[in-house]
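Taking it in order: structure first as C-alpha cells, then the write-up.
The values are calculated or read from the model by the stated rules, or taken from the named source; none is laboratory data. All values reported here derive from a predicted model rather than from experimental measurement. All Cβ positions, glycine included, derive from the backbone under ideal geometry; neighbour counts span all protein chains shown. Calculation scope for accessible area: heavy atoms of the full protein, side chains included, ligands and nucleic acids excluded. Shrake-Rupley method; radii C 1.70, N 1.55, O 1.52, S 1.80 Å.
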Amino acid sequence: MQIQRDPSCVQFLLWRCVPEHPRESEESCSWIGRCLLHAGFVDQTRETWLLVYEDPRSHHQVVLVPRTGRIQIRVHYLVPIAQRPLVAFSLACQIADFLGESYPKAEQLR
Amino acid sequence: MTVQIKKEELFSVLPEHAFAFFADTPVVYHCHHYNLWLDQTIDDALGTREGMALRTRTAHEAFYHYLAQLVPRSGADTPAEKLKVAELIFAAMGHGNLRLHTQAQGGLATGDFLHYGYTWKEKYGEKVRRRHTADAVAAGCAVAATEIAFDLPMGTLDVAEETCVSLGAPQCRFQIEGAKQPMPPSRPVGKRETQRLLGDSFSGKHEEQIRAITTGLRSFLGTINSDERGLVQGFGVFVTLHLASYYNGISYNALYNIERTAPQSFDVMQGLLVEAGHQCGFNTFGGILRSPEWEGLVGAPTGDPLEILIGCCAIGRALGFGQWTIQDFAPDKHFVLRTPGTYESTYHVTRHGLASSGRCYLHQGGTLAAVQLAHRVPWREKPTFDQAFYRSLFHSDPQWRFQETHCVSKGDDYCEVAVERIRK
Amino acid sequence: MQILNLPAAAEGVPALQGLFVITMPDCLLFDSYVLPVLQEASEELAAMFGELVRNHRDALRLMGSWSSELQITVESSDRLLLLRELREDFLLVFAFESSLPIGMARLFGRRIGETLQLQLEGFQETSVDGEAEQSPRAARILEFLQRYAPDPHASMMRLALRTGIPMEHLEAPASLSPQALAKVEEAVCDILGIDQLNV
C-alpha cells in the first residue's frame with residue numbers, strides 16, 4: 001500500500017491510499033467499508049457513489065469511490081498539523097490490513 | 001420558542017438561469033481564494049482604511065436586506081431569537097461562529113473561525129504579516145443583525161473590529177455602537193429585481209451532459225453542512241455561500257471610485273478583479289474536479305479538454321454563476337462560453353445602469369481558468385492544486401487571451417466570453 | 001560587453017574548481033569560470049543552486065529574517081561548496097576541492113564577492129544614464145517585492161493599483177521620480193506587511 005498527499009490536500013488533512021494490487025473497485029470498496037464498520041466506524045454515506053465512514057471518537061473519515069476504487073483519508077482538523085501525517089499513516093496501515101497489503105513506507109509522508 | 005431555519009424551504013434556484021437564492025436574496029458559492037483576493041483588491045484600490053470602510057458598509061447593507069427577508073420566515077420573535085437566527089445562518093453559510101451580545105444601542109460581538117480572518121491566516125499567515133483586521137463581512141453581519149433584531153432602521157448602528165485572529169489575537173471582537181454618520185438608504189437587489197432583467201434562457205453544445213452533472217452537483221451541494229467551526233472545508237478549499245450583493249457592491253463601487261479618482265488605474269483594477277475570478281476558477285473548479293465526490297459522480301478526469309470544459313460549465317451552474325453554455329470550442333484554439341446573464345451583470349444593470357464595456361469579471365476570470373484547466377493541467381499526473389502549482393503555471397507566459405464580447409451590463413442579450421490561444 | 005572579469009577575480013585562489021554567478025530570483029546563469037568537467041552542466045547547476053538558496057531564504061523569512069545576507073556551505077567527500085548572496089539580485093557559488101579548510105573557503109568567498117560587487121556596481125552606473133542613485137534602489141525594491149510577495153504573478157498589478165503608477169512606468173524603474181519611489185516603497189511595505197525596507 002502506498003500513501004500520498006491528496007492533490008487537493010490543505011495542511012496535510014487529505015491523503016490518498018493506493019493499493020499495490022489492483023482489485024475490482026466496487027468489491028474492494030464494499031469490503032473496506034464492512035471492515036471499517038467492524039472496527040467501529042459509522043457509515044455516513046449520503047450518496048451511493050461516495051461511501052463515507054467516520055470514526056465517532058476521532059472524527060477521522062475514510063472516503064471510498066466505488067466507481068474507481070479511490071480511497072481517501074480525511075484527518076480531522078482538530079489534530080495538530082505536525083501529527084496529521086502520522087494519523088493518516090496509522091489509518092492507512094489499518095486499511096492495508098483489511099486488504100492484506102504491506103504497510104506504506106513512512107518516507108511517503110511528505 | 002425554538003428558532004428554525006428550514007434550508008430547503010428558503011433555498012431556491014432558477015434552474016434555467018442557474019441563479020441561486022436564499023430567502024429571495026441572490027447567493028453564490030465562493031472559495032476563500034476568491035474572497036480573500038477580492039477584499040485585498042478593494043484595499044489595494046482604495047487604501048486599507050477606505051477599503052475596509054467600503055467592505056464593512058457593503059456587508060452591513062447586504063446582510064440587512066438579507067436578514068430582513070430571512071428572520072421573519074424563521075419563526076423568531078424576540079430580539080434574542082432574531083440574533084440567534086443570524087448566528088445560525090452565518091455559520092450555516094460557512095462564515096464561522098459569530099456570537100452577538102448586543103442590545104438596541106449596540107454592544108459586543110465575538111467571532112471564532114471567521115472565514116476571512118481564519119483563512120487569511122491559513123493561506124498567508126506564514127508568508128506576510130497582516131496589519132489590519134480582516135472580517136468586514138462578519139462585522140457587517142453583526143451590526144445588521146442587531147438592527148434587525150431590535151427593529152432599527154439600517155445605518156442606526158456602526159461597527160468596528162477591534163481584534164482579529166489574522167493579527168494574532170485568539171478571537172475576533174467587534175464593538176457595535178450608535179452611528180455617527182447616517183447611512184444612505186438603499187434598495188435591495190433581490191430575486192424579483194434579478195428576474196425582471198432575465199431574458200429567455202438557451203442551451204449550447206453538450207447540453208445533456210452538462211445538465212446531468214449540474215443536477216448531481218446541486219443535489220450534493222445541498223447536503224453539505226458547515227462543521228463545528230461554522231466553516232465548510234471541501235475540495236481543498238474553504239467554501240462560503242455568500243451574498244452576491246456583497247461581491248458586486250464592493251467591486252463596482254471601488255471600480256467606479258478608481259475611474260473617478262485614478263483613471264489611469266482603471267484597467268489594472270479590472271485585471272485584478274479578473275484575477276480573483278481566475279483564482280476561483282482554477283482553485284475551486286480544480287479542487288472539485290480532483291475530488292472523490294467528482295470521481296464518484298462523473299469519473300476521474302482523463303485530461304480530455306472538452307471533458308474538463310463540460311465539467312466546468314456544470315460546476316459554474318451549480319455554484320450559481322449563471323447558465324454557462326458551450327457555444328464553440330476547438331481544442332488548443334478557442335473557446336466561447338455564453339450565459340443569459342450572470343449574478344454580476346444583473347446587479348450592475350440594476351444598480352449602475354449600462355456600462356460601456358463588459359463588467360462580468362468573475363465570468364471572465366472563471367472562463368479563462370476553465371480553459372487553463374482544460375489545456376495546461378496534466379490530469380493523469382494528479383497534480384497538487386496548491387500555490388506553487390498556480391505560480392508555476394501563471395507567473396509568466398499567459399498562453400491564452402480573453403475578451404468579454406457580449407455583456408448584459410452593456411445592453412446585450414447575454415454575456416459571452418471568448419478565449420483564444422496566443423500564437424507565437 | 002563583458003561585465004565581470006571572473007578569471008581576474010579568482011586569480012591566486014587555490015583549490016577553486018568553479019565559480020558561478022547566478023541572477024536571482026530567476027536562477028539563471030549570468031557568468032561562470034569553471035573547470036571543463038563542470039562546464040557542461042553550468043546552466044542546470046545555476047538553476048539548482050538558485051532554488052536551493054531561495055528555499056533557505058524562504059525558511060529564514062518564516063523565522064523573521066528579512067534582510068540578512070545568506071551564506072550556505074555544503075560539504076561532500078570530494079567537494080566543498082560555498083553559496084553566497086551578492087546583493088539582492090545575484091548569487092555566487094564557489095566549488096572548492098574538499099581539502100580546502102572551510103575558513104579559507106569563506107575568506108576567499110568574501111574576497112571574491114567584494115571584487116565582483118565593485119564590478120557589478122560599475123555595470124549599473126554605466127547602464128542607467130546617470131540615474132545611479134534612484135534606479136538601482138527602485139529596481140531592488142521591485143525585486144524584493146517579487147521575491148517575497150505572496151502572489152508574485154500579480155504583485156506588479158497590485159503595486160500599480162496601490163500607487164496609481166501605471167504598469168509601464170513600474171516596468172522601467174529607472175524612470176521613477178523620487179516621489180513615485182516613495183509611493184512604491186510605502187506600497188511594498190503595505191503589501192508585505194513590514195515597517196521598512198532594508199534593501
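Under the definition of partner shielding as Cβ atoms of other protein chains within 10 Å of a residue Cβ, what is the mean value for peptide C:144-157? Can you show the working numbers first?
On the way: counts 0, 0, 1, 0, 2, 2, 8, 13, 2, 9, 13, 0, 1, 9.
Taking all residues of C:144-157 together, the mean is 4.
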Heavy atoms of B:Glu8: accessible area, 1.4 Å probe, square angstrom to 10:
140 Å²
What nm distance separates the two modelled labels at B:Glu420 and A:Tyr103, each placed 7 Å from Cα along Cα→Cβ?
6.0 nm
19 Å Cα-Cα reach of B:Lys191 towards lysines, excluding residues that sit fewer than 8 places from it in its own chain:
B:Lys6, B:Lys7
Placing each pseudo-label 7 Å from Cα in the direction of the beta carbon, C:Gln179 and B:Arg376 end up separated by a distance in nanometres of 3.8 nm
By accessible area with a 1.4 Å probe, ligands and nucleic acids excluded, highest first: order of B:Leu108, C:Leu83:
B:Leu108, C:Leu83
The answer for the net charge of residues other than C:Ser98 whose Cβ lies under 9 angstrom from its Cβ, with Lys and Arg +1 and Asp and Glu -1, is -2
Would you mind calculating the gained length between A:Thr48 and A:Cys93 on full extension (0.36 nm times residue separation, minus the Cα-Cα distance), in nm to one decimal?
13.7 nm
How much solvent-accessible surface does B:Lys382 expose, in Å² to the nearest 10, with a 1.4 Å probe and all protein chains in place?
80 Å²
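Considering only protein heavy atoms and a probe of 1.4 Å, how much of the accessible area of segment B:23-178 is carbon and sulfur, as a whole percent? Present the calculation step by step, with values, prior to reporting the outcome.
On the way: 2540 of 5100 Å².
Of all accessible area on segment B:23-178, carbon and sulfur atoms account for 50 percent.
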Highest mean first, how do B:184-195, B:88-99 rank when packing is the count of other Cβ atoms within 10 Å averaged over residues?
B:88-99, B:184-195
Bins of 10 Å, beginning at zero and ending with the bin holding the largest distance: percent of Cα pairs per bin for segment C:135-191, please.
27, 65, 8
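Keeping the other protein chains in place, figure out the carbon and sulfur percent of the accessible area of segment A:32-81, with a 1.4 Å probe.
Details: 1260 of 2300 Å².
Whole-percent figure for carbon plus sulfur exposure: 55.
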Average accessible surface area per residue within chain C, 1.4 Å rolling probe, Å²
48 Å²
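If B:Ser74, C:Ser76 are ordered by their accessible area, calculated over protein heavy atoms with a 1.4 Å probe, which sequence runs from highest to lowest? Display every interim value, and only then the final one.
Working: B:Ser74 10, C:Ser76 60 Å².
Descending order: C:Ser76, B:Ser74.
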Kindly state, as a whole number, the per residue volume in cubic angstrom of the convex hull around the alpha carbon atoms of the protein assembly as shown.
181 Å³
Take the alpha carbon gyration tensor of segment B:224-358, find the square roots of its eigenvalues, order them as a ≥ b ≥ c, and report rounded if a/c is under 1.5; if not, report prolate when a/b exceeds b/c, else oblate.
oblate
Whenever you get a sec, line up A:Asp97, A:Asp55, B:Asp328 from highest to lowest accessible area (probe 1.4 Å, protein heavy atoms).
A:Asp97, B:Asp328, A:Asp55
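Please compute, for peptide B:382-388, the average count of beta-carbon atoms on other protein chains lying within 10 Å of each residue's beta-carbon.
3
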Cα principal axis extents for chain B, largest first, Å:
62, 46, 43
Ignoring ligands and nucleic acids, B:Thr342 exposes an accessible area, probe 1.4 Å, in Å² to the nearest 10, of 0 Å²
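If the viscosity is 0.692 mPa s and the temperature 37 °C, what Stokes-Einstein diffusion coefficient in µm²/s follows for segment A:2-102 when Rh is the Kirkwood radius over Cα pairs? Don't skip to the answer; put the middle values down first.
Values: Rh = 13.4 Å.
Value of D from the Cα-based Kirkwood radius: 244 µm²/s.
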Leaving out ligands, DNA and RNA, calculate the buried accessible area for the pair C and B with a 1.4 Å probe, summed over both sides, in Å² to the nearest 100.
2200 Å²
Rg followed by Dmax, in Å, when segment B:23-178 is reduced to its Cα trace
14.8, 46
Counting only other chains, what is the mean number of Cβ atoms within 10 angstrom of the Cβ of each residue in peptide B:261-271?
4
How large is Rg over Rh for segment B:191-421, taking Rg from the Cα atoms and Rh as the Kirkwood inverse mean of 1/r across Cα pairs?
0.95
Considering protein heavy atoms only and a 1.4 Å probe radius, which residues within segment B:101-135 exhibit an accessible-area decrease of no less than 20 Å² in the full assembly relative to the chain by itself?
B:Glu122, B:Tyr124, B:Glu126, B:Lys127, B:Val128, B:Arg129, B:Arg131
Can you return the lysines within cross-link range of B:Lys127? Criterion is Cα-Cα under 27 Å, with same-chain partners fewer than 8 residues away left out.
B:Lys382, C:Lys183
Could you tell me the largest-minus-smallest coordinate of the C-alpha atoms of chain C on each of the three principal axes, in descending order and whole angstroms?
55, 38, 28
